[in-house]
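The next block holds one structure in the form of structure tokens; read it before the comments.
The values are calculated or read from the model by the stated rules, or taken from the named source; none is laboratory data. Computed from a prediction, not measured in an experiment: that's the story for all the values here. Neighbour counts are summed over all protein chains in view; Cβ atoms, including those assigned to glycine, are modelled from backbone coordinates with ideal geometry.
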């Protein structure tokens, strides 16, 4: 008899209540008799105790009635695929009557199982059934007590997975269904989960906490907005939806004021309210209150149209004025709060980096995707990282990831990119509405020596040689205009020619220095361009990046 996976052996026994044995044992032979299980006292000392050769099944069964003894084949060491050659019924003392014995198997005989009734009978008494739970429960229900749906469910399972006559038809279909379900599960796992909040049926009571102590509640407060603000819209629910409706209500222009002030700050460097992060009692009074109110109401009136508001600001006379200033005007209004001239301020760190990449032709304008890790000095992360941190070691990216917009730069808040901090980028440890703007020697040193800017300089030099014309004067004018947006003045053009000549002389005398400069960064150089000339124009490009007009909005 072949033993299948998950099979078990069973036997029915009757122990004489007047003279029960002290031990009963079943022994199985698959080429050897080292497979035993016993019940009662340990009186038959064959095989190692507590092993498949002598496994304890428990105390003696109940006497005076027929009992079913069953043991999984693998418990007594009979492996699937083995051939059972013999079976012994053993006892120590007393009287026992043995009856029907056999094997419970899912490996159906040849020809395979065709009768549902036989299958149900075999599965009904199995203790280690591998059937689905709902099918096991249905089999235990008597046939005349099952309803039509239960009969159909049991019949369908038998035809799909058991019957020799129909299983072959369903197996390919079931495999196809399993494959589709697996694909569906994988697809479902790729869909990002969205957390949705809900209101409690009975909102919790809220209290004013005395000096902020959670265990010292004061007066009870209701769900509404502070009395100093306009009230909630009529009929608005007292929940997050009501708060959202209140924030964009035409009768509550504070939200619009804050937003348009931020837009104004973006274009002019300073908002109409200088303290863009604080519109409260500690904030600064607006320089042009009527203008702020008008912009806010227009923003609401036009349906909160952001593009339209941006267009309105940049097409205004205030924005289109020249940023040139006279000594008298500078003395009277050093911060341009009266808007007598156009805005002029140093660009943000991200804009400076992105603009240098753009004019050099390196900028990758792909939208979306994961964060990237461009150039930064070695060891910066390690100095502030915890042991075992996943951001202890900085692994620089390669290829196009080095030239993506600064928006996509991976940012470690405890150790931001040094070149960004040099140009006053916030660390992002806190929300920063208004950035500081400083002018320090470190900024010039970063533009002259940082790998990102040196690499951009040599790639801009390639563009100058390739697109700027054949004569030095044309190339210098083209590069200057590309970076600053205007032609150089005669004096500026003379300075550029002088610098170019000195750099050509320098690198002609030191070819190794030229090659060293052109090897900075990961972007490959154009091998068809002479090293000396390319290195000299790279220094010109680096000079252009250091011009005040290259890092200043004016």
**Message:** Quick check on the range 379-400. Is at least one of its residues in contact with a strand residue (DSSP E or B) (Cβ under 8 Å, 6 or more places away or on another chain) and part of a helix (DSSP H, G or I)?
**Reply:** yes
**Request:** Name every residue in the range 478-526 that is crowded, with 19+ Cβ neighbours inside 10 Å and part of a helix (DSSP H, G or I), in order of residue number.
**Result:** 479, 480, 483, 496, 500, 503, 507, 514, 517, 518
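Taking the stated definitions as given, is residue 417 modelled with pLDDT of 90 or more, out of contact with any helix residue (DSSP H, G or I) (no Cβ under 8 Å at 6 or more places or on another chain) and closer than 24 Å to residue 445 by Cβ?
Working: modelled with pLDDT of 90 or more: yes; out of contact with any helix residue (DSSP H, G or I) (no Cβ under 8 Å at 6 or more places or on another chain): yes; closer than 24 Å to residue 445 by Cβ: yes.
Yes; evaluated as a whole, the condition is true for this residue.
Looking at this structure, is residue 165 under 24 Å from residue 4 (Cβ atoms), touching a residue at least 24 places away in the same chain (Cβ under 8 Å) and not in a helix (DSSP H, G or I)?
When the stated conditions are applied, residue 165 passes them.
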**Prompt:** Can you tell me which residues in the range 90-130 are more than 30 Å from residue 38 (Cβ to Cβ), modelled with pLDDT of 75 or more and surrounded by 14 or more Cβ atoms within 10 Å (Cβ to Cβ)?
**Reply:** 116, 119, 120
**Message:** Please count how many residues of the range 476-498 are over 45 Å from the mean Cα position of the chain (by Cα) and over 11 Å from residue 541 (Cα atoms).
**Reply:** 12
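Does residue 532 qualify as being in a loop (DSSP other than H, G, I, E, B) and either assigned by TED's automatic domain parsing to the domain that holds residue 350 or touching a strand residue (DSSP E or B) at 6+ places or on another chain (Cβ under 6 Å) (or both)?
On the way: in a loop (DSSP other than H, G, I, E, B): no; either assigned by TED's automatic domain parsing to the domain that holds residue 350 or touching a strand residue (DSSP E or B) at 6+ places or on another chain (Cβ under 6 Å) (or both): yes.
The answer is no for residue 532.
Hey, can you tell me all the residues within the range 273-299 that are over 38 Å from the mean Cα position of the chain (by Cα), in a loop (DSSP other than H, G, I, E, B) and closer than 22 Å to residue 322 by Cα? Can you show your working first?
At the first step, the residues of the range 273-299 found to be over 38 Å from the mean Cα position of the chain (by Cα) are 281-282, 284-295, 297-298.
After this cut, where a residue has to be in a loop (DSSP other than H, G, I, E, B) as well, the list is 281-282, 284-288.
If the condition is that a residue be over 38 Å from the mean Cα position of the chain (by Cα), in a loop (DSSP other than H, G, I, E, B) and closer than 22 Å to residue 322 by Cα, then 287, 288 are the ones that fit.
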**Item:** Unmet requirement for residue 58, which otherwise passes all of (1) over 55 Å from the mean Cα position of the chain (by Cα); (2) farther than 18 Å from residue 126 by Cα
**Value:** (1)
**Complete:** All-but-one check, residue 45 against (1) in contact with a strand residue (DSSP E or B) (Cβ under 7 Å, 6 or more places away or on another chain); (2) without any contact (Cβ under 8 Å) to a residue 24 or more places away in the chain; (3) assigned to a loop (DSSP other than H, G, I, E, B), failing number (1)
**Asked** Where in the range 314-370 are there helices (runs of 4 or more DSSP H), lying wholly inside it, with at least 2 residues that are in contact (Cβ under 8 Å) with a residue 12 or more places away in the chain, farther than 23 Å from residue 425 by Cα and outside the structural domain of residue 464 (by TED's automatic domain parsing)?
**Response** 317-320
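Taking the condition touching a residue at least 24 places away in the same chain (Cβ under 8 Å), over 24 Å from residue 437 (Cα atoms) and surrounded by fewer than 16 Cβ atoms within 10 Å (Cβ to Cβ), does residue 289 pass?
Values: touching a residue at least 24 places away in the same chain (Cβ under 8 Å): no; over 24 Å from residue 437 (Cα atoms): yes; surrounded by fewer than 16 Cβ atoms within 10 Å (Cβ to Cβ): yes.
Against the criterion (touching a residue at least 24 places away in the same chain (Cβ under 8 Å), over 24 Å from residue 437 (Cα atoms) and surrounded by fewer than 16 Cβ atoms within 10 Å (Cβ to Cβ)), residue 289 does not qualify.
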**Prompt:** Can you tell me which residue in the range 221-247 is nearest to residue 202 (Cα to Cα), limited to those that are in the same structural domain as residue 296 (by TED's automatic domain parsing) and not in a loop (DSSP other than H, G, I, E, B)?
**Reply:** 240
**Request:** Go through 49, 7 for me and flag whichever is modelled with pLDDT under 90 and touching a helix residue (DSSP H, G or I) at 6+ places or on another chain (Cβ under 8 Å).
**Result:** 7
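Just checking, which of 373, 412 is within 16 Å of residue 450 (Cβ to Cβ) and within 17 Å of the chain's Cα centre (by Cα)? Break it down into steps so the answer makes sense when it comes.
Working: 412 fails: within 16 Å of residue 450 (Cβ to Cβ).
That would be 373, the only listed residue that is within 16 Å of residue 450 (Cβ to Cβ) and within 17 Å of the chain's Cα centre (by Cα).
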**Complete:** For the range 10-33, the count of residues that are assigned to a loop (DSSP other than H, G, I, E, B), modelled with pLDDT of 90 or more and either buried (at least 16 other Cβ atoms within 10 Å of the Cβ) or not assigned by TED's automatic domain parsing to the domain that holds residue 80 (or both) equals 2
**Asked** For the range 85-93, does any single residue satisfy the condition of being in contact with a strand residue (DSSP E or B) (Cβ under 6 Å, 6 or more places away or on another chain), closer than 24 Å to residue 123 by Cα and part of a loop (DSSP other than H, G, I, E, B)?
**Response** no
**Prompt:** Would you pick out the residues in the range 57-68 that are outside any loop (DSSP other than H, G, I, E, B) and over 19 Å from residue 87 (Cβ atoms)?
**Reply:** 58
**Message:** Can you find, within the range 176-220, the residue that is modelled with the highest pLDDT among those that are assigned to a loop (DSSP other than H, G, I, E, B) and surrounded by 10 or more Cβ atoms within 10 Å (Cβ to Cβ)?
**Reply:** 216
